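Before any comments, here is the structure.
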Amino acid sequence: MLKPVKATIGTLLASGAAIVSAALFTLAATVPASADAGTARLSLARSLAMLKTGNISAARNHAQAAIKQDPNWGLAHAVLARAFLALGDGIGAEAELDRAKAAGFDAKRAQQLYAHAYLLQGDAKRAATTAATAEPRFAGYAIRVGARALAAQGDLPGAQRALSNLLSAAPGDSAAWSDLGRVRYNSGDVAGAIDAATKAGELDPANLEALTLRGELVRTQYGLVAALPWFEAALARDAYYHPALIEYASTLGDAGRYGDMLDATRRALASRPDSAQAFYLQAVLAARAGNYDLARTLMQRTGGTLSGLPGALLLEGTLDYQAGGYEQAINKWRELVARQPMNITARRLLGAAMLRSGDAQGALDVLRPVALRFDADSYTLTLVARAFERTGERDWAGKYLDRAAFPVRDASVPFGTDDSLTVLGGLANDNPDDPVRRMVFLRALVDAGENGQALDQAQALTRLSPGAPAAWLAVGDMQMVLKRYGEAAAAYRRAADIRFDEPTMLRTVDALDRAGHRPEASNVLALFLSQNPQNIAGQRLAAHWQLASGEFDAAIETLEGLRQRVGNRDAALLTELAYAYLGDDDDATGLSYAKAAYRLAPLNPVVTDAYGWALYQSGNNGAAAQLFEKAVAIAPEHAMLRWHLGQVYAELGRGADARGQIDAALSDPSFEDRDAAAALLKTLA
């Protein structure tokens, strides 16, 4: 913890940038030792002016010019260190501070700067210790560094308290507000982070950290496209501000603007030639383009500095797997799953790699938490089935193959827990202000079927953390379990107001649709896609609704775009393409897609039905009837399958059989083609 200090309020609590600028301007009156004193002073004055206006890269360049003109001027080295700190370069800052000290700069004036440098280098403990030795006049800066050090060590509440105390005494400290916004964001309080970042920007429009954070928050709150102007605003002040360039490039890539993404990474490398983040983003871009050799080369240039980050682990594992290095991929994905145990994509990849390497039991252990979910995807279920086949348990393999073939998945549920309700409830009660423990207890209640109590816990979470979207999502999820779709939609809207990402969008759309508000659900989907045009889940849902509304040309365009991105091994995608082309009266193309889907998933009743429907549209009623019969045998409760079988029976002159299938379809209240079915039934009477 920082030592208590005493000083005047103006000196004590000024922001870090203001403290350094004021101190350095005061010292600028000291004439440098070289013959180029006037030129060096002019360069340093320009550097300080650029710091104030937010053009940090220019400030760095002018400070470097001052040092070139007078290498032994300690003040110039200190100003350059300040610029490096603002650019996030802790190593460069420490080196310049050492040079400043060697040239006679008072070390007592630099402790808060050294602390910041250590923090940027990842040494949070040393940063906190050093910050505690800062002089009273620099205490505001030191408190900020100490708070960020607490956050880096996982003490987010402590960091928030320190910053809140600082801001209660100095509410005009823009840098402290942006630091508070970052801490709140990392703790899940998105609404609180937005408030803090907004305040920081209002107090100092040149606060590049605040502008960049606002971009990240807008990206979370509204979407990719809406975030771009915020990063561009930061870059308008400093075209080579590295943190904004990295976030800008990442956002451009996710929005599908790959050329602009590449340009941004190149600017980032011009700003920082050894930028691991820029090389990583270029590697992602190369991998997306299928140039895996280039992606590997670029990842090697990161120097391993990002190896522990989830995105890097996922990419490196993918590159290893693509090259046949299954053990290396397994090691990386295993580490990713250990860090993010609820990352379904990582578990799926790890399970597939382990199965391919011959470790069927290991694959089962990894995939079990996903496969036990009611909404488990068919690929995961198929992997589990193949793993059971490898272990000789063919009865279990058959059960999971049956689940993989079934066309409908239930609503999602959270992963379970091995602790008892009593233990988890006690932990939650012992720490009523800990949202993490409340969430774990909530999940345990869901697993135990105690849905009423789970809803109470979820609602308590919203009172505890009203700015956390996860709390509102939990309320919505419980309302969905209780089939209160309108209430669920309202809770999801609250979450979407804070964080409008893919999971929130899908939940909101589903709840609105189930509540009978399809137009509103369509608007939510359209808004999401306007901000996230490359999102695969959103594009899939849009195509599905285009098919349902008879917009076959639009569906074909959407689905073909998806096929170019995900390939030709997605049976569900190929099935929807078949229906789209059949609806557009292109029976030959529809049949080819239906046949391709059937080759991939011959036990899936929806895929089988689509192939039968394509044959039926082509006039091959006999073959169509066989496929419809197979589909109904697999999923006898699916009304649409029976309706299709009834139609082909009618065409074949099997009136009694047709009536039986149509009656079965009409007995399902959710069956939508009731008028057409009733009309055909009358002709068969």
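Descriptive notes on the structure:
- Filtering region 646-685 to residues that are over 16 Å from Gly622 (Cβ atoms), polar (S, T, N, Q) and not in a loop (DSSP other than H, G, I, E, B) leaves Gln661, Thr683.
- Answer from Ala233, Ala226, Ala239 - the residue that is part of a loop (DSSP other than H, G, I, E, B) and more than 26 Å from Ala159 (Cα to Cα): Ala239
- Criterion: surrounded by fewer than 24 Cβ atoms within 10 Å (Cβ to Cβ), part of a loop (DSSP other than H, G, I, E, B) and in contact with a helix residue (DSSP H, G or I) (Cβ under 6 Å, 6 or more places away or on another chain) - qualifying residue of Ala191, Ala206: Ala206
- For the residues Ala346, Ala387, Ala323, the requirement of being more than 30 Å from His638 (Cβ to Cβ), among the small types (Gly, Ala, Ser), buried (at least 19 other Cβ atoms within 10 Å of the Cβ) and modelled with pLDDT of 80 or more singles out Ala346.
Residues checked against (1) over 27 Å from Gly92 (Cβ atoms); (2) assigned to a helix (DSSP H, G or I):
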| site | (1), (2) |
| --- | --- |
| Asp263 | no, yes |
| Pro273 | no, no |
| Gln282 | no, yes |
| Ala286 | yes, yes |
| Ala295 | yes, yes |
| Thr305 | no, no |
| Leu313 | yes, yes |
| Asp320 | yes, yes |
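- Region 98-130: number of residues that are in contact with a His (Cβ under 9 Å, 6 or more places away or on another chain) and closer than 17 Å to Ala86 by Cα: 1
- Single match in Ala578, Ala596, Ala554, Ala588 (criterion: over 34 Å from the mean Cα position of the chain (by Cα) and not in a loop (DSSP other than H, G, I, E, B)): Ala588
- Residue match in region 648-655 (condition: in contact (Cβ under 8 Å) with a residue 24 or more places away in the chain, in contact with a Phe, Trp or Tyr (Cβ under 9 Å, 6 or more places away or on another chain), closer than 19 Å to Ala614 by Cα and surrounded by 22 or more Cβ atoms within 10 Å (Cβ to Cβ)): yes
- Qualifying residue in region 354-365 (condition: under 19 Å from Val566 (Cβ atoms) and among the basic types (Lys, Arg)): no
- Only one of the numbered conditions (1) in contact (Cβ under 8 Å) with a residue 60 or more places away in the chain; (2) hydrophobic (A, V, I, L, M, F, W, C); (3) farther than 29 Å from Glu557 by Cβ is not met by Ala601, and that is (3).
- Filter result (out of contact with any Lys or Arg (no Cβ under 9 Å at 6 or more places or on another chain) and buried (at least 19 other Cβ atoms within 10 Å of the Cβ)) within region 599-608: Ala601, Asn604, Val606, Val607
- Flag if Gln112 is closer than 27 Å to Asp274 by Cβ, among the polar types (S, T, N, Q) and touching a residue at least 24 places away in the same chain (Cβ under 8 Å): yes
The values are calculated or read from the model by the stated rules, or taken from the named source; none is laboratory data. Predicted model, so just to flag it, every value in this text is computed and none were measured. Neighbour counts are summed over all protein chains in view; Cβ atoms, including those assigned to glycine, are modelled from backbone coordinates with ideal geometry.
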